[in-house]
Amino acid sequence: MSDVKISDLIAITSMSDTDLLATSQDQGGGSYASKRVAFQTLKSNVKNVSVQSKTEAYTLTGSDDTVLADASGGAFTLTLPSASTVTGRVYHIKKTDSSGNAVTIDGNGAETIDGETSLDISFQYVSVTIVSDGSNWYII
């Protein structure tokens, strides 16, 4: 039985209270692969997301995922870690307050975010998702 690739997944079917059947089709639309997966195994691979609330300057770490930023007390900066230390890392950052104070997301040193050294979020509920390619940061 072939491996079922998540990127090619087309169906998940419940077989019982404890098992699922994952089915994928290759990118060319040709062959199919199915694999019985124990629900507990699938469940154990689900990652819990870290959610941090910040109201002042903070440097993100490799264990952060989501940052809820409240700038009602004044503008502040969230500094990204060195992109080379967290290749593939994705961060979700959202401004939660209605003030006009900006939350600035700053690349580490000379690193950029979509070619810019920093990014300002000035409006409530605006969010940005960024990823490291090992050299810089990109909005996705």
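The values are calculated or read from the model by the stated rules, or taken from the named source; none is laboratory data. Worth saying up front: this structure is predicted, and the values here are computed from it rather than measured. So basically every Cβ, Gly included, is an ideal-geometry build from the backbone, and we count neighbours across all protein chains shown.
Here are the numbers for the structure shown:
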| quantity | calculated |
| --- | --- |
| Residue satisfying all of: in region 123-140; in a loop (DSSP other than H, G, I, E, B), within 24 Å of A71 (Cβ to Cβ) and not β-branched (V, I, T); nearest to the chain's Cα centre (by Cα) among these | Y125 |
| In region 76-93, the residues that are surrounded by fewer than 17 Cβ atoms within 10 Å (Cβ to Cβ) and either free of Cβ contacts under 8 Å to residues at least 24 places away in the same chain or under 14 Å from the mean Cα position of the chain (by Cα) (or both) | T85, T87, G88, V90, H92 |
| Number of the exception - A110 against (1) outside any strand (DSSP E or B); (2) touching a residue at least 12 places away in the same chain (Cβ under 8 Å) | (2) |
| Qualifying residue in region 60-68 (condition: of a type in the set (S, T, N, Q) and surrounded by fewer than 16 Cβ atoms within 10 Å (Cβ to Cβ)) | yes |
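Listed here are the residues, each with its yes/no results for (1) under 25 Å from V131 (Cβ atoms); (2) at pLDDT below 95; (3) in a loop (DSSP other than H, G, I, E, B); (4) not assigned by TED's automatic domain parsing to the domain that holds V128.
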residue	(1), (2), (3), (4)
T13	no, yes, no, yes
G28	no, yes, yes, yes
G62	yes, yes, yes, no
L68	yes, no, no, no
S72	no, no, yes, no
